[in-house]
Amino acid sequence: MASTLATVREIRRTQRADGPAAVLGIGTANPTNYVFQEEFPDYYFRVTNKEHLTDLKDTFKKLCRIMGLEKRYFHHTEQLLNSHPGLLHGTPSALDARLDIVAKAAPELAASAAAKAIARWGRPATDITHLVVSTNAEARSPGADLGLATLLGLRHDVCRTVLQLNGCSAGCAALRLAKDLAENNRGARVLVACVELTITSFRAPHEGDSFDTLIPQALFGDGAGAVVVGADAVHPAERPLFEMVSASQILIPGSEHLLSIQLGGSGIDGDISFNLPRFAAQNLKRCLLDAFGALAVNGVEWKWNDLFWAVHPGSHGILDHIDSALGLEPRKLAASRTVVRDYGNMLSATVIFVLEELRRRMDEEGDEADEWGMMVGFGPGFTVETMVLHATKS
């Protein structure tokens, strides 16, 4: 028995990577169609034939200003909406139409982002061993994972995993899963692809709508982000961008009512409390202190402003409250603020846009860039995802 266990342990040891997982390539993509936030209230009430709801439109204009965005990208155009009138009214009969649109568009948008990540990684797509796809826009199988694998020409034995309806924290969750896969499978190269299309949640405004029910229409946009993850980068083309040191997920008890997402007859729907930004910031420090233990080595003390921050920018309001709660310098959340301003909240894909923007800024700063940092995501539950990152030098 002892010799058998020793053999199993030795096999297990050889299966694992020697070093930590690392981000080896990042890519992002958006549809070509976009709408400026300043023009969105007029656009939204026009395409939904609700211009007669003048008081509600004034309320929506205030909400759009509060969001602080400049523009958002959308796969759905006015022409597409006109050809599927059921999408405007959220009728159950339109659900199949929504999912059919996503079935074609999601793999294509994800492939655009993935192709950029693979190009930056520097190795052929056929070297990908695992595929993790995250989306809140789809609820069917086979889905975007199979379509993406086909478009990229991935191997038939690539191991596919799909995360659906995990909300905004899904991007961080997918990267956490990729870290585990890379570190527990020697030589593995994991492609993470997060793709979001708001066509599954788009609906017309209704008399009696409140700020809470209108938030999704004022905040969310379409986009895709992709990351190649692997450990033990020995190939000459590979250059780690961020080492993935440790990851954790924390559920805040009694917070289920603050944020939810579900698929119903009218498409993807959810509840977002207007008090969520304040609540998220109030509970973040406790979560970070738990995750921060990975950096507390040999008694070294770290301060929040000693780190770089890749925070999922659910909204400017969340970022403002985090700034205040942690006492961060203005530049610390600059990458997150830039992404949410230019694209809106793209759910799972957003944090990948932040990582790309953060790496671009680091390459410009050179030796002055922070070495250690934290990635943070928020999702239904209320759930907080964290990952300690170590930035490599260019």
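The values are calculated or read from the model by the stated rules, or taken from the named source; none is laboratory data. Predicted model, so just to flag it, every value in this text is computed and none were measured. Don't worry about glycine lacking a Cβ; one is built from the backbone with ideal geometry, like all the others, and counts go over all protein chains shown. Quick note on the areas: whole protein, heavy atoms, side chains included, nothing else; ligands and nucleic acids left out. Shrake-Rupley method; radii C 1.70, N 1.55, O 1.52, S 1.80 Å.
Listed values, structure above:
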| read-out | value |
| --- | --- |
| Under 5 Å, built H, 5+ apart or other chain: amide partners of residue 346 | 221 |
| With all protein chains modelled, accessible area of residue 206 [1.4 Å, Å²] | 70 Å² |
| The range 218-229 - phi-based ³J(HN,Hα) in whole Hz, Karplus 6.51/-1.76/1.60, Gly and Pro as x | 9, 10, 8, x, 9, x, 9, x, 9, 9, 9, 10 |
| Whichever lysines have a C-alpha closer than 29 Å to that of residue 61, once near sequence neighbours (fewer than 8 apart) are set aside | 50, 71 |
| Heavy-atom accessible area per residue - the chain, 1.4 Å, Å² | 42 Å² |
| Rounded FRET efficiency, nearest 0.05, which uses the C-beta distance separating residue 365 from residue 212 and R0 of 45 Å | 0.70 |
| Helix-derived mean residue ellipticity, 222 nm - over the chain, DSSP H n ≥ 4, -39500 (n - 2.57), to 500 | -12500 deg cm²/dmol |
| Net +/- balance of residues flanking residue 136 in space, Cβ distance below 12 Å, scoring K and R +1, D and E -1 | -4 |
| Karplus 3J(HN,Hα) series, Hz, for the range 306-311 with 6.51 cos²θ - 1.76 cosθ + 1.60 (x for Gly, Pro) | 7, 9, 8, 10, 10, 9 |
| Relative contact order of the range 345-394, pairs being alpha-carbon contacts under 8 Å that are 6 or more residues apart, as % | 30 percent |
| Net lengthening on full extension, residue 324/residue 237 (0.36 nm per residue, minus Cα-Cα) | 27.2 nm |
| Label-point separation, residue 10 to residue 93 (7 Å along Cα→Cβ), nm | 6.8 nm |
| Contour excess over end-to-end distance, with Cα ends at residue 115 and residue 77 and 0.36 nm allotted per residue | 11.2 nm |
| The chain - share of DSSP beta bridges that are antiparallel (%, nearest 5) | 75 percent |
| Antiparallel DSSP beta bridges within the range 242-391, as percent of all bridges there, nearest 5 | 85 percent |
| Cα centroid of the range 55-117 to Cα centroid of the range 339-363, whole Å | 20 Å |
| Nitroxide proxy distance, nm - points 7 Å out along Cα→Cβ at residue 290 and residue 33 | 4.2 nm |
| Lysines whose Cα lies under 22 Å from that of residue 116, excluding same-chain neighbours fewer than 8 positions away | 104, 179, 393 |
| Nearby lysines by direct alpha-carbon distance to residue 303 (threshold 18 angstrom, same-chain neighbours under 8 apart not counted) | 285, 332 |
